[in-house]
Each structure stands twice: as C-alpha cells, then as structure tokens.
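The values are calculated or read from the model by the stated rules, or taken from the named source; none is laboratory data. Keep in mind the model is a prediction, meaning the values are calculated, not measured. Positions of Cβ are generated from backbone atoms using ideal geometry, with glycine treated the same way; all protein chains shown enter the neighbour counts. To get the accessible areas, we keep the full protein, side chains included, count just its heavy atoms, and leave off ligands, DNA and RNA. Shrake-Rupley method; radii C 1.70, N 1.55, O 1.52, S 1.80 Å.
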Amino acid sequence: MPSPYRAIFAAPGTKGFSAAGLIGRLPISMVGVGILTMISEITGRYAMASALTGTLALAAAFVGPLVSRLVDQYGQRRVLRPATLISVAAVTALVLAAANGLPDWTLFVCAAVAGCVPSVGSMVRARWTVLYRDSPRELHTAYSFESVVDEVCFIFGPILAIGLSTTWFPEAGPVIAAVCLLVGVWLLTAQRSTEPAPHPRGRDADRASALRAPGLQVLTATFVATGAIFGSIDVSTLAFAEEQGHKAAASFILAIWAAGSCLAGIVFGLLHLKGRTERRWVLGICAMAVSMIPLLLAGNLPFLAVALFVSGLAIAPTMITTMALIEAHVPRAKLTEGMTWISTGLAVGVAVGSSVTGLVIDAAGAQRGFVVSISSGVAAAAVAFAGYRRLTRPAQGEEPASDGDVGDSNNSEERTGRVA
C-alpha cells in the first residue's frame, strides 16, 4: 500500500472500523440485486422484481437521512443497532414471504421497511473526519480510500449476490447480505473510541435539517442527476449486451466501469492538489457529462467496455471532492446527515434514470438508452454551474465540520502547520 494510505491507518482504531465498514457496506450493493435475482428465480416476474428493488431504493433514500440525523444527535451505537435490526427483520420477512408465495403487497411492505438500512459509508467517513479534521491531506487520502472501498463493493457485491442466488438457493443473496449488514454494524458500533461524539439538539437551529445549508442543496440536486447517469447506464448496458447476444457480459462490463473509478480513486488519493475545491468539483461533474458522449457511439461490447472504463475515471475523484465540500458546508453536528443526503440524491436519481431509460429502450432500442445518460450528465453540469456561487460562500450560522477553507486546500494546510 502506498505510503499516504499507510499513514492514515497509523491512528488507533482505523483498521478496525474500516474492516467493519467494508463488511457492513457490502450489502448496499447486494440487497437490491439479490432481491431482483430471488424474485426472478422464484416467480420469473421481472417487472415485480424491479418494482420491489425500486421500492427498497426509494425507501432507503428517504429514511436514510432521518436515521443519520438521529445518529448525529444520539450517537452511532444507540441508533444503528436498532435500525439495523429492523432492516434485517424486514429483509428476512421479505424472503419468507417470497418463498411461501404470500400476496404481493406483503413483499412491498417488507421492502419499504427494509429501507431503514443505515448508510454505513457515511458512518465510516464521519469517523475519518473526526480523526483528521485538522489534517487536510490525511483526510483527503481517507476520503479517497473510502471511494475505492465503495467501488470494490459495487464490483463484487452484485456478482456475489447473483452467484449465491443462482447457484445455491434463490434466497441466498438477500440472506447473506442481511447477515453481512448485521455483523458489520455490530462490529463498527462496538468500537467506541473512534465513534463521533453525539450532538444533542436543543435550539430550533439544531433541529433543522442539514439540507437547509445552501451548499448541500446544490450538491444533493447535482447528485440526483448524477444518479440518473448511473441508473441509465446500468439498464442500457444490460439491454445493449442482450441485443448483442451476450447478456451475461453486462456484469463484466459494468465491473470494468467500476474498476476505472476504483483506479482513479487510488491515484487521486496520492495527489495533493492546490486551488479551489469547488472549481475541481465542477470540472469533475463536467468530465462525467462529457464522458457520456462516446457511449452513444458504441457499436459493440468491447468499444462499450473501453468507453465505460474511461467514463469511470471521473467518478471517484468527483465523489471524493464532494465529501470535502460537505465537510465545509454542513455544520459539524449534522455531518453524518449531510453525507447521507448525497446518497439520497443518488438513489432518487438511479430510480428515475433507470425507469426513464427502460421506456426509451422499449421505444427506440438499447443504444438510445445512453441518450438518457448524456441528458443526465448535461443536467448535472447545468445544476453545478447554476449553484457554483452557493458553494463559494462560507457556511452560515453554525460551525462547519471543517475549520479550514476548503476552497483552497493549501491555505488549510498552512494554518495547521502541515505543509510538506
């Protein structure tokens, strides 16, 4: 492991909560596709399976920030354990209902309740922030490492879930995902030394949502459009591979896309960039938008794989920069909630993007589905440009999570005495 990554793990407890976070985060990429595979294996009803996974995603998108808000107020251990038990119980009930042929409405109720699954990635990032709040370079590397872990989960999670449900028994994917979530959260919350201190809320300003921060509003809105990119590419790639007569290759091609992001995240974590973070963030959003254009030109699967790999190079750096901006614009007492709102924006965008793309593909063919990807990229860039001024303004009213000027990482490092 390169030295900057070794350095961030020198602090006590970092290896433990990172390992627990990996186990607890893996189910995020397993549950949805596991339910999709389970229902399609048991009933053959793909429409029903897609509707269930959409219900789960939307429920998680809207309940997730509420869970994280309670975490900021009461602490990770007190909130995550009961929330996880509820989510695991709901997934278990969903599996039993599907296996025993219960009415469809019971499946949807279970999927909706399962949406209270906590955002484990946000919990781990919050711990990194507490440790390295005054060390911008180490925090940048830590955020980079977390983005790499995200991509690793999204590379192997779906493969694991589909493999379990198709080769073992249909319910295996969701069941193993639920077990991983339970184990990961319990291990994470058992580590009290690195847990961020809770921030009880008494004033009206304390009770307000983190989403009232203008900078977070811009980031969340942009990531709704970014989520639409991700959702449209997933559906379009699957349909395109099927049209080419190699449907099974879709998972491999999407893994190449995630691998590009993973590689970019590793390299980005080694860099110590100067200049305004907001400007880098807008450039990253624009790079994602521009990288959608070659997808529409793909005439075969190898070309599509290369195009997606190049497209993936812009994802992780943009996500890493986004976390730095959240740290600057969200009050310290609401940091976990602020990070979770980005996941909410992505989840809503994925649901909308995949739905619209499905309609386009049915009407005009698989390759036209990438038009939705390009349109979503343009929308993301437009929102980013429109909200740029909000991002350049300092946080108002409450102490932000970062004491330094995120607009210029070099200035932050000079104030903390960590110039190389």
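Per-residue ellipticity at 222 nm from helix content only, as computed over the chain with -39500 (n - 2.57) for each DSSP H run of at least four residues, stands at -25000 deg cm²/dmol.
Order these peptides, 355-365, 130-140, by their mean beta-carbon neighbour count within 10 angstrom, highest first.
Working: 355-365: 16.2, 130-140: 20.1.
Ranked from most to least packed, the peptides come out as 130-140, 355-365.
Based on alpha-carbon atoms, the Kirkwood radius and the radius of gyration of region 53-113 give Rg/Rh equal to 1.06.
Taking 0.36 nm per residue of sequence separation and subtracting the Cα-Cα distance, how much length would be gained by fully extending the chain between residue 7 and residue 134, in nm to one decimal? Can you show the working numbers first?
Working: separation 127, 0.36 × 127 = 45.72 nm, distance 1.48 nm.
Here the answer is 44.2 nm.
Within the chain, the ratio Rg/Rh, alpha carbon atoms throughout and Rh by Kirkwood, equals 0.96. Listed values for region 216-222 are Karplus-derived 3J(HN,Hα) couplings in whole Hz (6.51 cos²θ - 1.76 cosθ + 1.60, θ = phi - 60°), namely 5, 4, 5, 4, 5, 4, 5, and x replaces Gly and Pro.
Centre-to-centre, using Cα atoms only, region 73-142 and region 287-332 are separated by 25 Å. Our analysis of region 20-137 gives Rg over Rh at 1.06, with the two radii drawn from alpha carbon positions and Rh computed by the Kirkwood formula. Sorting 108, 62 on solvent-accessible area from highest to lowest, probe radius 1.4 Å, gives 62, 108. With the simple spin-label model, which puts each label point 7 Å out from Cα in the Cβ direction, the residue 169 to residue 217 separation comes to 5.2 nm. A dipole drawn for region 162-280 from +1 and -1 charges on Cβ atoms has a positive end, and of 239, 275, 170 the residue lying farthest that way is 275. The length gained on full extension between residue 252 and residue 96, counted as 0.36 nm times the residue separation minus their Cα-Cα distance, comes to 53.1 nm.
Loop-located trypsin sites (Lys or Arg not before Pro) in region 239-305 (DSSP state other than H, G, I, E, B) with a sparse environment of at most 11 neighbouring Cβ atoms within 10 Å: 274.
Would you rank 95, 352 by solvent-accessible area, highest first, keeping every protein chain in place and using a 1.4 Å probe? Write out the running numbers ahead of the final one.
Values: 95 15, 352 80 Å².
So the residues, ranked largest to smallest area, are 352, 95.
Protection proxy ranking, highest mean first, for peptides 70-80, 8-18: 70-80, 8-18, where packing is the per-residue count of other beta-carbon atoms within 10 Å, averaged. Applying the Karplus relation 6.51 cos²θ - 1.76 cosθ + 1.60 with θ = phi - 60° to region 8-15 yields 3J(HN,Hα) values of 5, 8, 6, 6, x, x, 5, 5 Hz, where x marks Gly and Pro. Counting protein heavy atoms only, the chain has 67 percent of its accessible area on carbon and sulfur, 1.4 angstrom probe. Using the average count of surrounding beta-carbon atoms within 10 Å as a protection proxy, the listed peptides 286-298, 178-190 rank, highest first, as 178-190, 286-298.
For region 90-96, 3J(HN,Hα) computed residue by residue from phi via the Karplus equation (6.51, -1.76, 1.60; θ = phi - 60°) reads 5, 5, 4, 5, 5, 4, 5 Hz, glycine and proline entered as x.
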